[in-house]
Amino acid sequence: MTGKKIDVDKLDLERMKDKTTEEPGTLPYAHHSGSALIKPEDKGKITGRAVAAMQSQTDMQMAQIYEQMQLLADQAKKIKARVEVSERIYQASIAFEPLINHTYFLYQKEDGSDFLSMIAPEEWGRKKDFAAFVAEVKLLADHTWEVVRENI
């Protein structure tokens with residue numbers, strides 16, 4: 001065998017004992033030349049990426065929830081408006097039985113009272129029986145009224 005001779009007297013056996021283990025898998029470094037490469041990771045970098053990804057994902061989900069809330073709020077406003085119009089129509093004078101999915105016309109008389117008619121504002125002759133055209137309305141299946149056209 002050729003090579004350097006090891007002087008056993010110069011070996012620091014205590015120091016070498018600190019670098020050996022019975023369980024090499026627990027070492028934070030490769031314990032022989034065939035071991036997998038172990039690189040320490042920057043935990044701050046990993047945590048930073050994870051937090052950024054989490055915030056991005058939750059911001060997107062919060063935006064979706066906000067859009068859904070806006071849609072629900074808009075739907076609630078439309079229902080409230082239908083209820084208000086429906087209450088006004090049901091307090092008006094109606095000389096016929098309105099049918100579902102038919103359109104009618106709400107007018108206001110000179111005295112301020114309302115009446116519902118089957119005649120459109122453009123269909124009245126010279127003798128109009130109203131002071132103001134209020135709205136064209138449609139009776140829905142739930143017996144609320146939807147404004148089709150409003151006189152603004």
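The values are calculated or read from the model by the stated rules, or taken from the named source; none is laboratory data. These figures come from a predicted structure and were not determined experimentally. No Cβ is skipped: glycine too gets one built from the backbone with ideal geometry, and neighbour counts run over all protein chains shown.
Within region 113-152, track down each residue that is in a loop (DSSP other than H, G, I, E, B) and at pLDDT 90 or above.
S113, M118, I119, A120, L140, A141, D142, H143, T144, listed by residue number.
Specify the residue that is modelled with the lowest pLDDT; the eligible residues are those in region 63-94 that are of a type in the set (G, A, S) and in a helix (DSSP H, G or I).
By that ranking, first place goes to A81.
Taking region 87-97 as the region of interest, how many residues are touching a residue at least 40 places away in the same chain (Cβ under 8 Å) and more than 39 Å from the chain's Cα centre (by Cα)?
Looking only at that region, the number is 0.
Within the group G44, G34, G25, which residue is at pLDDT below 95, within 35 Å of the chain's Cα centre (by Cα) and loosely packed, with under 10 Cβ neighbours inside 10 Å?
G44
Taking the residues in region 110-145 that are basic (K, R) and over 16 Å from R88 (Cβ atoms) as candidates, determine which candidate is nearest to the chain's Cα centre (by Cα). Explain how you work it out, then say what you get.
Narrowing region 110-145 to residues basic (K, R): 126-128, 138.
Retained after the next criterion (residues that are over 16 Å from R88 (Cβ atoms)): 126-128.
Values: R126: 53, K127: 53, K128: 50 Å.
Ranking the candidates gives K128 first.
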